[in-house]
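Asker: Quick one: structure below, then a few questions.
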Amino acid sequence: MARHNDTGKRGETLAACWLTVQGYQILFKNWRQGRGEIDIIALKKGVLHFIEVKTSRSTRYGFPEDRMNRGKWRNILQASQGFLDGFPVESPVQFDVISVFIGDNGVEYHLMEDAFSWSLITIINEK
């Protein structure tokens, strides 16, 4: 497996552990629907969270969360809609991004809650 794949998998494992300590209940990891994948689906305080994990070992190309783009969001939205079609929920839904930076001085986490507003869904789907 390529190093970037190893880094990504390690970041997802670290993120799931960190989120658990923060009070999230991890429901699914790497949930797939068509071409889309949701790294982590979790519950916390009655809110269903679709969480994208971005991991990096260097800031050479920016911070991990800087790699979110319209196509990535579109895939996450399609996968999340597939999830909700199969598992309808009454709870609010939120899209989050967790940045995992694995550096020489340890691991740093940055959780961006509600990183994607439902109001932007129409913008992404129109283009």
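Asker: So how many residues does region 93-127 have that are at pLDDT 85 or above, surrounded by 11 or more Cβ atoms within 10 Å (Cβ to Cβ) and in a loop (DSSP other than H, G, I, E, B)?
Answerer: Looking only at that region, the number is 2.
Asker: May I pose another question? Go through region 34-55 and count every residue that is at pLDDT 95 or above, among the charged types (D, E, K, R) and over 8 Å from the mean Cα position of the chain (by Cα).
Answerer: Final tally of qualifying residues: 2.
Asker: Cβ-Cβ below 7 Å, separation at least six or inter-chain, first residue in region 20-40 and outside any strand (DSSP E or B), second not hydrophobic (A, V, I, L, M, F, W, C): which pairs?
Answerer: What qualifies is 23/44; 24/44; 24/49; 34/78; 34/82; 35/75.
The values are calculated or read from the model by the stated rules, or taken from the named source; none is laboratory data. Note that the structure is a prediction, hence the values are computed from the model and not measured. Every residue, glycine as well, gets a Cβ built from its backbone with ideal geometry; the counts of neighbours run over all protein chains shown.
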